[in-house]
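Below: one structure, written as structure tokens.
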Amino acid sequence: MRKRKLLMVVLLTMALMLTGCWSRRELNEIGLVIGLGVDKVGDEYIVSTQVVDPSEIASSKGGSGRAPVVTYKTTDKTLISAVRKLTSVTPRKLYLPHLRMFIIGETVAREGVAPVLDVLSRDHELRTDFYVIMTKGSKAHEVLSMVTPLEKVPSTYLYTMLKHTEKYWSPFSTLKIDQLDNEISSSGKETVMSAVATKGSIKEGQQKKNAENISIKNYLQYTDLGVFRQDKLIGFLNETEASGYRYVVNEIKDTVIEMPCNKTHKDVTELIHPKTIVKGKVVNHKPSIHVQVKAEANVAELQCQTNLLDRNVIKTLEKKTQKEIKGQITSALQKIQKEYHSDIFGFGEKIHQTNPREWKKFEKNWSDVFSKMPVQVSVKVEIRNFGKVNQSTPNLK
Amino acid sequence: MIGKEKIEYRQFAILVLLFTIGTSIIIAPNMLAAYAQQDAWISALLGLGVGLFIVWCYSVMGRYYKELTLIEAIHASFGNYLGFVIALIFSGFALILSSLVLSNIGTFVSTRLLVGTPLDAIEYIFVITVVIAVRLGIETLARSSEFMIPMFTFLFFILTFAVLPQIDWDNIKPFFEHDMKQIMQSSYGFISFPFGELLLFLMLTPYIAKQKNITRGYMIGALIGGLVLFVITLVSILSLGGHGTAIHTYPAFAIAKKIDMGGVIQRIEVIMAGIWMFSIFTKLSLCVYVTALCLKQLFRLRDMNCLTLPIALILIPLSQWLSPNATDFQTLTQRGMMYFTYGVMLIPFLTTGLLFLKRKWMKNKNQS
């Protein structure tokens with residue numbers, strides 16, 4: 001009996017040592033892919049893969065002077081084989097789960113993004129927590145090879161930049177792969193995608209000394225919101241229109257509104273907790289939409305002489321803020337309905353949700369119906385606070 | 001004759017519960033959403049209603065058979081020859097069901113968790129564990145499942161609550177967009193799998209200590225199991241959308257992957273996979289146990305344990321032969337199994353009817 005117990009103990013200890021994964025990969029053998037970019041030349045995709053050099057990121061002494069990331073460029077007809085091809089240039093097996101940014105070149109976006117998205121939702125290694133963006137004017141591999149200040153890894157730079165701009169500045173939105181898939185396959189909601197552009201010279205931006213100056217000349221910036229119909233890019237919204245769009249889809253979390261107070265100066269309010277309710281209805285087989293925006297605001301900056309203890313002043317500020325927001329929404333609606341005819345607001349989904357039967361009739365030529373559909377916009381802003389002081393800073397005029 | 005093993009009705013309920021959840025928890029939302037998309041939760045409720053009625057019928061039959069198992073009841077009603085054929089079909093059903101459950105978990109692990117590990121290696125390890133469990137008998141199985149329930153419940157609630165931030169109520173609208181036909185079409189599969197399959201428990205009813213509690217155990221197990229499946233389906237639709245649920249092979253795993261609570265608690269899908277590891281282990285063990293019991297009674301063997309290893313050895317090739325690839329499994333195999341289950345579900349009804357007439361006839365004969 002004792003012998004048997006001993007045997008059990010030995011066997012169990014052996015089992016402990018035998019654990020391990022069949023296809024294990026050690027940390028020093030894998031290359032963490034943090035950004036992927038796709039461009040197209042002819043019928044071949046150029047895949048740029050940004051791989052992190054962990055020893056350069058982690059070391060506190062500044063590392064050995066090598067670049068913290070490497071961006072490889074490979075060409076092939078499909079994405080997955082282009083990534084696999086990389087094993088012939090890099091000593092490490094690429095590891096995809098830590099991907100942060102997927103960057104689609106403008107050329108690919110115009111031709112249609114569906115072919116490059118399949119592998120992203122099919123491959124078992126990839127998660128769904130990375131952001132998808134597109135480039136405007138430049139190529140994806142150029143964006144991925146810019147040297148960025150403050151953040152050593154350009155993909156992380158783009159990732160956190162988008163995350164913060166989404167939260168504190170109105171025009172740009174994050175987009176994840178599952179949402180993108182849903183929007184492309186849905187007929188009642190089209191896609192928009194934040195577009196990044198390179199400012200300054202790309203050649204200089206790729207040099208290491210780009211991050212050595214205090215004033216940065218060559219940098220990356222989110223500039224527009226790309227508008228898609230199905231999976232093809234058809235145009236861009238500028239910052240104002242993009243903000244208008246994001247009010248409608250209830251994505252804005254915190255932003256500031258500028259409004260003129262005289263010919264040269266402006267007042268600013270800060271919106272907190274804006275909330276939009278979109279209601280769709282169909283009367284006499286004609287769809288219509290009502291967009292209601294409700295928000296609280298604080299006074300953020302005053303350039304004109306104002307006494308904030310006057311209730312009328314507050315009322316005027318509220319009215320002006322409302323007018324400004326309404327103007328932004330209207331400009332977005334105008335551009336989309338008159339020019340792009342692509343239902344990025346998801347009005348179709350709203351009609352679908354409230355009137356599924358009627359929706360069946362509209363679905364086939366929705367972009368026509370959408371373009372002619374009346375949209376009513378109402379905005380209600382209430383100012384709550386005015387900051388630390390109750391008057392604007394006096395000037396001697 | 002039944003041996004000395006006895007289980008409480010509570011243990012029976014837990015076995016039914018885990019069996020119901022079994023493999024359904026990972027693939028039922030996908031099957032339900034295939035036809036009804038965002039209306040799948042209606043199909044789930046409909047299926048649950050009909051399923052519970054069928055389970056109630058089973059339990060009444062189980063009480064009627066008293067100390068007979070289904071195989072013995074078949075013998076008693078159909079006689080030796082016809083009875084043998086019908087019992088053989090039933091045993092075949094149990095065997096095929098076991099192999100499908102095995103292929104389900106095997107494919108899941110090899111495509112989602114341990115990619116690169118051969119299917120065989122995963123299936124062998126699973127089958128060995130199951131064989132050990134089955135050889136220890138139904139009492140041990142029942143007690144171990146009782147032990148699993150708290151962990152299962154805990155993980156299930158974590159999963160459900162952790163997904164709540166990802167929920168978008170617009171995903172479920174509009175209600176009743178699909179007509180009754182499409183909604184019913186989704187329900188058919190849900191009624192047979194898992195509720196129809198619960199007829200395997202008619203082989204175990206004689207083990208229950210107090211016969212009058214059979215209905216209670218059966219119904220409570222199936223009801224809670226069905227509700228768990230309903231909740232998972234609902235959560236899948238709410239977070240992935242109707243279309244998303246229909247295109248993901250394993251929606252439950254897909255929603256577990258989406259868990260992200262404040263950027264702190266994330267990437268815990270493998271822990272969540274524990275939920276279906278427990279339930280699938282129980283389901284597979286029960287399937288193998290019932291298969292062995294069927295064969296034992298069919299061939300009038302004295303011992304059941306000699307059958308477990310051969311069954312286990314058959315299971316692995318059988319599972320790979322029945323579902324050779326992912327496409328076949330999601331289409332042909334699932335569909336074929338549905339019809340097979342509906343066919344087999346007739347057996348206890350026919351048996352009971354015949355037994356009832358026979359007993360009545362005997363009574364009349366005795367009286368006259």
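Points worth noting:
- Over the residues of chain A, the helix contribution to mean residue ellipticity at 222 nm works out to -9500 deg cm²/dmol, using -39500 (n - 2.57) for each DSSP H run of at least 4.
- Counted over the protein assembly as shown, the DSSP beta bridges are approximately 70% antiparallel.
- Entries in A:K286/A:K338; A:K279/B:K173; A:K85/A:K209 that, when Cα-Cα distance is taken, lie over 20 Å: A:K85/A:K209
- Dipole moment magnitude, nearest 20 debye, segment A:137-180 about Cα centre, only Lys, Arg, Asp, Glu C-beta charged: 60
- Crossing angle, helix B:119-136 versus chain B [Cα axis fit, 0-90 degrees, rounded to tens]: 40
- Helix-only CD estimate at 222 nm, as mean residue ellipticity for chain B, using -39500 (n - 2.57) per DSSP H run (n ≥ 4): -25500 deg cm²/dmol
- Against chain B, whose longest principal axis is taken from its Cα atoms, helix B:180-190 shows a tilt of about 60°.
- Rounded to the nearest 10 degrees, the angle from helix A:311-334 to the longest Cα principal axis of chain A is 60 degrees.
- Set of lysines near B:K210 by C-alpha distance (under 29 Å), chain-local residues within fewer than 8 positions excluded: B:K4, B:K6, B:K66, B:K283, B:K296, B:K358, B:K360, B:K363
- Alpha-carbon Rg/Rh ratio, for the protein assembly as shown, with Rh computed the Kirkwood way: 1.06
- Chain B - convex hull of the alpha-carbon atoms, volume per residue in Å³: 134
- For the protein assembly as shown, accessible area per residue (1.4 Å probe, heavy atoms of protein chains only), Å²: 48
- For chain B, built as a Gaussian network whose Cα springs stay under 10 Å, the top-fluctuating residue of B:V16, B:V85, B:V163: B:V85
- Percent of beta bridges antiparallel (DSSP, chain A, rounded to nearest 5): 70
- Euclidean distance of C-alpha centroids, segment A:257-314 and segment B:266-319, integer Å: 65
- Taking GluC sites (Glu not before Pro) as exposed when their DSSP state is a loop state and no more than 15 other Cβ atoms lie within 10 Å, the longest site-free interval of chain B runs over B:68-368.
- Of the residues in segment B:243-270, those shielded by at least 20 Å² of accessible area once partner protein chains are present, compared with the chain alone at a 1.4 Å probe, are B:H243, B:K257, B:K258, B:R267.
- Under 10 Å, Cβ to Cβ, from B:R112 - net charge with Lys/Arg +1 and Asp/Glu -1: 0
- Between the listed residues B:M277, B:N104, B:A87, the Cα displaced farthest toward the positive end of the dipole of segment B:9-362, a dipole computed from Cβ unit charges relative to the Cα centre, is found at B:A87.
- Net +/- balance of residues flanking B:L68 in space, Cβ distance below 14 Å, scoring K and R +1, D and E -1: +2
- With the charge dipole of the protein assembly as shown set up from +1 on Lys and Arg Cβ and -1 on Asp and Glu Cβ about the Cα centre, the Cα lying farthest toward the positive end among the listed residues B:L307, A:H141, A:V89 is that of B:L307.
- Between segment B:148-182 and segment A:91-127, the C-alpha centres lie 29 angstrom from each other.
- Accessible carbon and sulfur surface of segment B:156-195 relative to its total accessible area, %, 1.4 Å: 66
- Accessible surface buried once B binds A (1.4 Å probe; total of both sides; Å²): 1600
- The mean of 1/r over all pairs of different alpha-carbon atoms in chain A, once inverted, gives a Kirkwood hydrodynamic radius of 24.2 Å.
- Chain A - percent of accessible surface contributed by carbon and sulfur, probe 1.4 Å: 54
- Residue (of A:I272, A:V313, A:T393) at the positive-pole extreme of segment A:240-397, dipole from beta-carbon charges: A:V313
- Look at where the Cα atoms of segment A:183-233 and of segment B:44-60 average out, and the two centres are 56 Å apart.
- When +1 charges are put on Lys and Arg Cβ atoms and -1 charges on Asp and Glu Cβ atoms, the dipole computed for segment B:254-368 relative to its Cα centre reaches about 820 debye.
- Estimated dipole of chain A in Debye, rounded to 20 [Cβ of Lys and Arg +1, of Asp and Glu -1, Cα centre]: 900
- The residues of segment A:176-198 listed by number as losing at least 10 Å² of accessible area in the complex, against the isolated chain and with a 1.4 Å probe, are A:D178, A:N182, A:S185.
The values are calculated or read from the model by the stated rules, or taken from the named source; none is laboratory data. Please read all numbers here as calculations on a predicted model, not as lab measurements. Cβ: placed from backbone, ideal geometry, glycine included. Neighbour counts: every protein chain shown. Accessible surface is based on the protein model in full, side chains and every heavy atom, while ligands, DNA and RNA are left aside. Shrake-Rupley method; radii C 1.70, N 1.55, O 1.52, S 1.80 Å.
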